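S.K.: Just dropping this structure here.
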């Protein structure tokens, strides 16, 4: 009787133990849910020191921080400013120039003649005098010079001289004034009629510099697009790493609970002690998975910090990032590749840059065409002059115009063979053809990239749906296998294997959801569409 009673008591204890373990396992499964989003209080806070500060970060905030502080964007922003200096340098070609020339000279000529003095009454030579000419001259000439938009140039000169000459009397003549002050107002004008003629031609350097400035602006936009996509890619990667860490921790918890359950079975004598080895091994392996997942979170966090370049006032590398946005999934309708291609051809900065490059080379070709022409310049000069005994008197006498000069002329020049101009034109034509081929090559790349981006979204969308179903089935499969194990119809190895499959399924689901959001950002990059950024304010 005693043995029978003990046997029944043991059976009752075993049944109660089984029901208790089932309740605990079912409670764990139903409380956690099949794919409940990770708790921010646990998963969003990466492992680290408690004293580290935490920055809650939405995707939009992360992009705005990157736009303001990313070093790639900051470096590229210098491009338009540098190009602007080239524009102003080209415009400076038409700036007026003022200046002055001053000189002092003194000349004493070796004697070559002598002056003979004759008595008018007798006609005899009275005396002779060796002439020693001496000249002292001072000159001050302010001037104004400027190139005009038609290719010509003018120069206005105001020449002022002071002259002392000796001897002042020579024979029956003498110097009018000594010292002698002269003033002359002269205008010189030169206008090309063939080579270098025309407003469009002379503004060509300015237009090419403006094209370069516009290209520099497009490169800034391209850099902003690249950085925005990098932020999206690294943000969603960090979200995935955090959710994967939660899945690995749950897997570790399942293994630990399963080990505890098996220990009770071993104590009750319903399970061989050797079965504990597999459960203990899996607990340690899943501890390693958690360690690796924590390291992956740190790597993803550092990658996000690098592209954002947090300012020092926020703590930079020491602060903990807490992504508050969760990846979303909305089943998409069929994307029309042609519509996306149309958007790309209208918006992408590299398309605009290629067109600007072609236009710049067309301007250079027109310049080279003009340089083949012969040089034929119209020259015109005119001057008014006056003199006086005192400084200032000559200026007042300019109104009387004691002297004047004018001249009109043509200058012709043509290099025989003109090889330099011919080869320069050939070069410009080849560069233009090269740019056109590069544009066609870019169009092919855009078609491939847009099609690839659309295909990536479609693939990621299907992956999300499939992995969600697989995750639910893996959980159901694990529950069934655990029940079979309690009834003695399965082994610890099979249960642990299904736990691993559930963890892998959860990781695949979170990875697919993260990849789907990344692919949405990639399509924006390929079509040149900027989200979260206003280039007039935050984009620079």
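The values are calculated or read from the model by the stated rules, or taken from the named source; none is laboratory data. Note that the coordinates shown come from a computational prediction; the quantities given were computed from them, not determined experimentally. Reconstructed Cβ throughout: ideal geometry from the backbone, glycine too, with neighbour counts over all protein chains shown.
S.K.: Give the residue, chosen from 59, 16, that is under 30 Å from residue 233 (Cβ atoms) and either at pLDDT below 90 or in contact with a helix residue (DSSP H, G or I) (Cβ under 9 Å, 6 or more places away or on another chain) (or both).
M.R.: Residue meeting the stated conditions: 59.
S.K.: Does residue 309 satisfy the condition of being under 21 Å from residue 519 (Cβ atoms), surrounded by fewer than 23 Cβ atoms within 10 Å (Cβ to Cβ) and at pLDDT 85 or above?
M.R.: Criteria not met by residue 309.
S.K.: Follow-up. Answer yes if at least one residue in region 526-538 is crowded, with 21+ Cβ neighbours inside 10 Å, modelled with pLDDT of 85 or more, part of a helix (DSSP H, G or I) and touching a helix residue (DSSP H, G or I) at 6+ places or on another chain (Cβ under 6 Å), and no otherwise.
M.R.: yes
S.K.: Continuing with the same structure: From the set of residues in region 335-371 that are in contact (Cβ under 8 Å) with a residue 60 or more places away in the chain and either touching a strand residue (DSSP E or B) at 6+ places or on another chain (Cβ under 9 Å) or farther than 30 Å from residue 529 by Cβ (or both), which is surrounded by the fewest Cβ atoms within 10 Å (Cβ to Cβ)?
M.R.: The qualifying residue surrounded by the fewest Cβ atoms within 10 Å (Cβ to Cβ) is 366.
S.K.: Is it the case that residue 326 is closer than 28 Å to residue 459 by Cα and either surrounded by 15 or more Cβ atoms within 10 Å (Cβ to Cβ) or touching a helix residue (DSSP H, G or I) at 6+ places or on another chain (Cβ under 8 Å) (or both)? Step through it out loud before you land on a result.
M.R.: Values: closer than 28 Å to residue 459 by Cα: yes; either surrounded by 15 or more Cβ atoms within 10 Å (Cβ to Cβ) or touching a helix residue (DSSP H, G or I) at 6+ places or on another chain (Cβ under 8 Å) (or both): yes.
So residue 326 passes the test.
S.K.: Right, next: What's the total number of residues in region 154-191 that are assigned to a strand (DSSP E or B) and either in contact with a strand residue (DSSP E or B) (Cβ under 8 Å, 6 or more places away or on another chain) or modelled with pLDDT of 90 or more (or both)?
M.R.: Initially, region 154-191 is screened for residues assigned to a strand (DSSP E or B), giving 154-166, 169-170, 173-174, 180-191.
Pick out the ones that are also either in contact with a strand residue (DSSP E or B) (Cβ under 8 Å, 6 or more places away or on another chain) or modelled with pLDDT of 90 or more (or both) and you get 154-166, 170, 180-191.
Final tally of qualifying residues: 26.
S.K.: Only residues that are under 27 Å from residue 509 (Cα atoms) and at pLDDT 85 or above: list them for region 260-281, please.
M.R.: Answer for region 260-281, where residues must be under 27 Å from residue 509 (Cα atoms) and at pLDDT 85 or above: just 281.
S.K.: Considering every residue within region 293-303, establish whether at least one is buried (at least 20 other Cβ atoms within 10 Å of the Cβ) and closer than 30 Å to residue 495 by Cα.
M.R.: Initial filter on region 293-303 (buried (at least 20 other Cβ atoms within 10 Å of the Cβ)): 293, 297, 300-301.
With the extra rule that they be closer than 30 Å to residue 495 by Cα, the set shrinks to 293, 297.
Yes; the residues of region 293-303 include at least one that is buried (at least 20 other Cβ atoms within 10 Å of the Cβ) and closer than 30 Å to residue 495 by Cα.
S.K.: Is one or more of the residues making up region 317-325 part of a helix (DSSP H, G or I) and either in contact (Cβ under 8 Å) with a residue 24 or more places away in the chain or under 28 Å from the mean Cα position of the chain (by Cα) (or both)?
M.R.: Just the residues of region 317-325 that are part of a helix (DSSP H, G or I), to begin with: 317-318.
From what's left, either in contact (Cβ under 8 Å) with a residue 24 or more places away in the chain or under 28 Å from the mean Cα position of the chain (by Cα) (or both): 317-318.
Yes, region 317-325 contains a residue that is part of a helix (DSSP H, G or I) and either in contact (Cβ under 8 Å) with a residue 24 or more places away in the chain or under 28 Å from the mean Cα position of the chain (by Cα) (or both).
S.K.: Only one of these conditions is not met by residue 462: (1) touching a helix residue (DSSP H, G or I) at 6+ places or on another chain (Cβ under 7 Å); (2) part of a helix (DSSP H, G or I). Which number is it?
M.R.: Every condition holds for residue 462 apart from (1).
S.K.: Which of (1) in a helix (DSSP H, G or I); (2) free of Cβ contacts under 8 Å to residues at least 40 places away in the same chain does residue 490 not meet, given it meets every other one?
M.R.: Status for residue 490: all satisfied but (1).
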